[in-house]
1. Which residues, taken from the range 272-282, are away from ligand 1 (no atom under 16 Å from the Cβ) and within 50 Å of the chain's Cα centre (by Cα)?
2. Being basic (K, R) and surrounded by 13 or more Cβ atoms within 10 Å (Cβ to Cβ) is true for just one of K233, K186, K197, K159. Which residue is that?
3. Residue under question is G313, and the condition is that it be loosely packed, with under 12 Cβ neighbours inside 10 Å, within 15 Å of ligand 2 (Cβ to nearest atom) and in a loop (DSSP other than H, G, I, E, B); does it hold?
4. Does N319 count as away from ligand 1 (no atom under 14 Å from the Cβ), closer than 17 Å to N253 by Cβ and surrounded by fewer than 17 Cβ atoms within 10 Å (Cβ to Cβ)?
5. Using the structure shown, decide if V195 is touching a Pro at 6+ places or on another chain (Cβ under 7 Å) and outside the structural domain of V316 (by TED's automatic domain parsing).
6. I need a count of the residues in the range 247-260 that are within 16 Å of ligand 2 (Cβ to nearest atom) and either out of contact with any helix residue (DSSP H, G or I) (no Cβ under 9 Å at 6 or more places or on another chain) or not β-branched (V, I, T) (or both).
7. Show the residue pairs that are 6+ apart or on different chains and have beta-carbon atoms under 8 Å apart, the first residue being within the range 239-266 and within 26 Å of I223 (Cβ to Cβ), the second being assigned to a strand (DSSP E or B) and among the acidic types (D, E).
8. What single numbered condition from (1) modelled with pLDDT under 95; (2) within 15 Å of ligand 2 (Cβ to nearest atom); (3) surrounded by 17 or more Cβ atoms within 10 Å (Cβ to Cβ); (4) within 30 Å of A153 (Cα to Cα) fails to hold for V226?
Amino acid sequence: MKKNIVLALITLAMFMNPFSTVAESGDETKVKDDTAHTEDNASEDDESEPEDSESKDDESEPEDNESQEDDQPQEEENKTHTLTFLGFDGEVIQTIEVKEDEKIDYSQIDVSGLHTFVNKYTEQDFSEWSSTPEYISEDTTIQALWKRGIISADGKPVKTEYYSKGADIDLNGLSIIITLETQTTKTDNDGNFIVEKQENNITGSCYTEKLLEELFETDKTAIVDVIPYGDDKPIFSYEITLFDSLGDTNNDNVIDAIDSSFILETYADFSTGANNSLTDQQKKICDINQDGKIDAMDATYILMYYAESSTGGNPVWENMIENSEQ
Ligand SMILES: [Ca+2]
Ligand SMILES: [Ca+2]
C-alpha cells in the first residue's frame, strides 16, 4: 500500500508542476527568458505564460489522465479517522483526526492530567496506552493504562512509650512497603487489563524528622512522622507517649539513692513475702527495665543513672538499659 502511495505522490508532484518536466527537457533558456520577461513586462508575460504551459500540458495529456486516475484511490486511502484517547475510567481525554497515511505521534497527547493521588498513600499515573498502532484505517479508541504506587505499613514500631526525651526514636518493628501495580496491555478472559505487582520494602530509606525533645516539648503524647528520604511528606505516622517518671519512686523529680533504696526495700518485701501493696503505676515506676520484675537490677539502674546525672551527665534510660543488656 505504501508503494502505491509513493508512486501516486510522485505522479501527483509531476502533475502539479509541469514546468519541471519542461525544464528537464532542456529548454532552460526559455525558463530563464520567461523570468527575464517577467521583470521587464510582467502583465504581458503572465497572460501568455499559462497559454504556453497549457499547450505543453495538452501534448502530455495521456500522462495527466493517468496521474488523475492514480489520484482517485489515493484520496480514498487518505481518509481521515478519529483516534480517541480514554482516561483510566473510560472518560475521553483527547481526540485527534488522523489521515490513513499519517503516522501517529503519541507524544502530542497530554497525559499529565492523569497523575493523581487516589488517597494519601496511593499515587496514580499514566503508564502506557492499551495499544499504539502506527497508522489507523478506521475510527479507533485506545485506553490509558495506569501505574500505581501504594504505600503501606506492614508492621508498626514496637516501642511507643519513651522514658527520656533524650532517647532516639526506635522504629524497630516498622515495615514500610511500596507496592507498584501496573496495568499491562494484556487482558484476562473477562477483558480486564492484567495488573502486575511488585513489592519493595523501603523501611531502611525512611527517617523521622523531629527529635523526641521537640515532639514532647509541650505534651506527653506526640505523633511521629516517618518520611522516606528524598520526600517531604510522611508515609506513616503513629502516636508515642512519654513516661518520664520512671525511677522516681517518691515523685520529687530527682532520681537518686532514695529511689534506689526504695526499690531494694520493695524487692526485699517481695522476696520475703511481706505485705507490699504497690499500685500498677508504682510498679511501673520501679521496674526500670520493664521486665515485669522489681529487683536489684532495677536498683542498680537507678544508681547508674544517679551517678551519671550527678557528674553533669544527661542520662537516658533507653541508652542505659540497652547498653547494660549488651
Ligand atoms: Ca526521686
Ligand atoms: Ca525490672
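The values are calculated or read from the model by the stated rules, or taken from the named source; none is laboratory data. Please read these numbers as outputs of a predicted model, since none were measured by experiment. Reconstructed Cβ throughout: ideal geometry from the backbone, glycine too, with neighbour counts over all protein chains shown.
1. D280
2. The match here is K159.
3. Spelling it out, it is not the case that G313 is loosely packed, with under 12 Cβ neighbours inside 10 Å, within 15 Å of ligand 2 (Cβ to nearest atom) and in a loop (DSSP other than H, G, I, E, B).
4. So N319 fails the test.
5. So V195 fails the test.
6. Looking only at that region, the number is 4.
7. Correct list of pairs: I240/E161; T241/E161; L242/E161; F243/E161.
8. Here V226 meets the rest and fails (2).
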